Amino acid sequence: MQRFDHVGITVADLEGAVAFFEAMGLEAGGRQVVEGQFIDTVCGIPGSRCEVVGLSLPGGGTWLEVARFVTP
């Protein structure tokens, strides 16, 4: 294995997780809510809704996706 491009983590406390990773030097990017057929299929949970924040290392590289389920 040469590198990771994208890692996703599901957390209960989105704000706390983002603050933790920012303290480690990652930079938060956009925040979005994801719902609908795509996330239902990816997660295998019908009716799911997630709030997602993307973080990355300064200068790019690996992207960390931190998500919190709003429903269920």
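The values are calculated or read from the model by the stated rules, or taken from the named source; none is laboratory data. Note that the structure is a prediction, hence the values are computed from the model and not measured. Methodologically, a virtual Cβ is constructed for each residue, glycine included, from the backbone with ideal geometry; neighbour enumeration extends over all protein chains shown. Only protein heavy atoms, including side chains, enter the accessible area calculation; ligands, DNA and RNA are left aside. Shrake-Rupley method; radii C 1.70, N 1.55, O 1.52, S 1.80 Å.
For the chain, the 222 nm mean residue ellipticity estimated from helices alone, with every DSSP H stretch of n ≥ 4 adding -39500 (n - 2.57) and the total spread over all residues, rounds to -6500 deg cm²/dmol. Normalised by residue number, the volume inside the convex hull of the Cα atoms of the chain is 98 Å³ per residue.
Computed from label points 7 Å out along Cα-Cβ, the spacing between Ile9 and Phe38 is 2.3 nm.
Note on the chain: with a GNM built from Cα contacts shorter than 10 Å, the maximum mean-square fluctuation among Val53, Val33, Val42 falls on Val42.
Taking only alpha carbon atoms, region 21-60 gives an Rg to Rh ratio of 1.14, where Rh is the Kirkwood radius. How big is the gap, in Å, between the Cα center of region 10-34 and the Cα center of region 42-59? Using only Cα atoms, the two centres lie 10 Å from each other. Charge dipole of the chain (Cα centre as origin; +1 on each Lys and Arg Cβ, -1 on each Asp and Glu Cβ, all else neutral): 100 debye, rounded to the nearest 20.
Per residue, the accessible area of the chain comes to 67 Å² when a 1.4 Å probe rolls over the protein heavy atoms.
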